[in-house]
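Notes follow the structure.
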Amino acid sequence: MTNPNMKLKLTLSFTAIVISFLIIEIGYRIFDPFPYFSKFEINSTDHGNLSAYHLRYGWSGIPSGEELFVTYNNRVHLKNNAEGFRDIEHNKVEKKPAIVFLGDSFTWGYEVEFDGMFVNLFRNLLPEYEIFNLAHRGYGTDQELLVFQDWHYEGPLKWVILMFSENDVSDNNSIIRYHKPKPQFEIIDNRLNLTGVPVPEITEWVTKNQRQFKGIIWIENLKIILFKSHFIHDLYARYRLFMFNKKMNWKLYAVSKEDLTVTEQILEKLNKNVEERGAKLILFIIPSKIEIENLSESSPYQEGIIKMCRELGIKYLDLAGPLSNLRKRAYFRIGRHMNANGHEVVAHSIYRKLTGDPDFESANE
């Protein structure tokens, strides 16, 4: 005969477990959401959604392109303006003073909705300026220099903001990046020379490069059911991350000591081009996720970049400080990019740096 007290205890225990799970699940969805996106949904490609071959840059944004972009971390709506940038359509008549952003996928807003991108948050803080976002995913400083050289605006230009990330030096030293040919600057007779242009067009640009699902279908369907719970999805992701970190042994990770010679001359050239247009260049350094999440004891990659800025007389701000002080998660769990929290910190850090700078001029003065 079953003990009634035992039944009651089991029922109460089960009820407590269910209630605890629901509280944790609600907490995740409110404070630290982690939705699951099936491999059936993910549509990111090696050659970049809304990107097309470009004979000078290697690739660029498709003018007025629009599509849904799904990754392991997020589902976002992509929309390019008429010039192919993930940016607003700009007023060509009013000629407000301009601030220009140059950068790669961080500035392009990888995995972040348009309204959450730091460029657009910054735009809201300085409405008296015309804010241009000329970034594109996968670009190095070399491609960003070329984009700026080709960009035209009839109004006054006040600031050019260069966002620098950890892979930019590798980009600048390479003629092939992310399976794509690109231009490359080489130093010949102590002068910067552009090589590899026109960039060769490869077949992947003219054929659909959609990621195809490879795996056991029933397992993926089971994940779709289980990972409707953000909590269970997070537990699984933490386990995968633990095994990956154990394999990588980040504590022994050493910062790459790549040759900075080409990058230094690119920065010097960009600074000169900016000054010739009556503006000032400022460099904001995006720290590695490895640094912010304390995964390695190695020195930050930006030490060499800071040294270059000082030698060239370029103003800069290392964003490691503001991002390290954020109590919320600043980077997505998977990959190396900042989430909406990180973008918000960067937007306000740029705003404070510019408005607190003695060279900053209000457009209303």
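Do you know which residues across the stretch 135-193 are under 17 Å from residue 59 (Cβ atoms) and without any contact (Cβ under 8 Å) to a residue 24 or more places away in the chain? Once the filter is applied, which keeps residues that are under 17 Å from residue 59 (Cβ atoms) and without any contact (Cβ under 8 Å) to a residue 24 or more places away in the chain, the stretch 135-193 yields 175, 176. Residues in the stretch 295-320 that are within 26 Å of residue 355 (Cβ to Cβ), modelled with pLDDT of 95 or more and of a type outside the set (A, V, I, L, M): 309, 310, 313, 315, 316, 318.
Counting just the residues of the stretch 269-287 that are assigned to a strand (DSSP E or B) and under 21 Å from the mean Cα position of the chain (by Cα), which one comes out nearest to residue 169 (Cα to Cα)?
From the stretch 269-287, those assigned to a strand (DSSP E or B) are 280-285; that's our starting set.
Narrowing the set further to residues that are under 21 Å from the mean Cα position of the chain (by Cα) leaves 281-285.
Numbers: 281: 19, 282: 18, 283: 14, 284: 15, 285: 12 Å.
Selected residue: 285.
Residue-level analysis places residue 71 outside the set of residues that are surrounded by 10 or more Cβ atoms within 10 Å (Cβ to Cβ), of a type outside the set (Phe, Trp, Tyr) and more than 29 Å from residue 336 (Cβ to Cβ). Evaluation of residue 41 against the conditions (1) modelled with pLDDT under 95; (2) out of contact with any strand residue (DSSP E or B) (no Cβ under 8 Å at 6 or more places or on another chain) shows that the sole unmet condition is (2). Residue count for the stretch 178-188, restricted to those that are in a loop (DSSP other than H, G, I, E, B) and surrounded by 14 or more Cβ atoms within 10 Å (Cβ to Cβ): 3.
From the list 39, 95, pick out the single residue that is part of a loop (DSSP other than H, G, I, E, B), farther than 17 Å from residue 153 by Cα and not β-branched (Val, Ile, Thr). Give the derivation first.
Numbers: 95 fails: farther than 17 Å from residue 153 by Cα.
Checking each option against the conditions leaves just 39.
Just one residue in the set 251, 247 is at pLDDT below 90 and under 30 Å from residue 69 (Cβ atoms); that residue is 247.
Among the residues of the stretch 112-132, those identified as buried (at least 22 other Cβ atoms within 10 Å of the Cβ) and either aromatic (Phe, Trp, Tyr) or more than 13 Å from the chain's Cα centre (by Cα) (or both) are 118, 122, 130, 131, 132.
Of the residues in the stretch 96-103, none is over 22 Å from residue 275 (Cα atoms) and basic (Lys, Arg).
For (1) hydroxyl-bearing (Ser, Thr, Tyr); (2) out of contact with any strand residue (DSSP E or B) (no Cβ under 6 Å at 6 or more places or on another chain); (3) within 18 Å of residue 51 (Cβ to Cβ), each residue gets a yes or a no:
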residue: 112; (1), (2), (3): no, yes, yes
residue: 140; (1), (2), (3): no, yes, yes
residue: 173; (1), (2), (3): no, yes, no
residue: 186; (1), (2), (3): no, no, no
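The number of residues in the stretch 98-134 that are part of a loop (DSSP other than H, G, I, E, B) and either touching a residue at least 12 places away in the same chain (Cβ under 8 Å) or not assigned by TED's automatic domain parsing to the domain that holds residue 171 (or both) comes to 12. For the stretch 150-177, the set of residues classified as within 23 Å of residue 83 (Cα to Cα) and in a loop (DSSP other than H, G, I, E, B) consists of 151, 152, 153, 154, 155, 156, listed by residue number.
Selection of first residues in the stretch 311-328 that are touching a residue at least 40 places away in the same chain (Cβ under 8 Å) and of second residues that are outside any loop (DSSP other than H, G, I, E, B) and among the charged types (D, E, K, R), restricted to Cβ pairs under 6 Å at least 6 apart or on distinct chains, gives the following pairs, ordered by first then second residue: 312/268. Taking the condition of being more than 27 Å from residue 100 (Cα to Cα) and touching a Phe, Trp or Tyr at 6+ places or on another chain (Cβ under 6 Å), how many residues in the stretch 41-71 meet it? The number of residues fulfilling the criteria is 1.
Applying the set (1) of a type outside the set (Asp, Glu); (2) surrounded by 13 or more Cβ atoms within 10 Å (Cβ to Cβ); (3) within 22 Å of residue 269 (Cβ to Cβ) to residue 191 leaves exactly one unmet item: (2). Within the stretch 298-328, the only residue that satisfies the criterion of being under 20 Å from residue 113 (Cα atoms) and buried (at least 17 other Cβ atoms within 10 Å of the Cβ) is 323.
The values are calculated or read from the model by the stated rules, or taken from the named source; none is laboratory data. Keep in mind that what you see is a predicted model, and the values were worked out from it rather than measured. Glycine also receives a Cβ, built like all others from the backbone with ideal geometry; neighbour counts cover every protein chain displayed.
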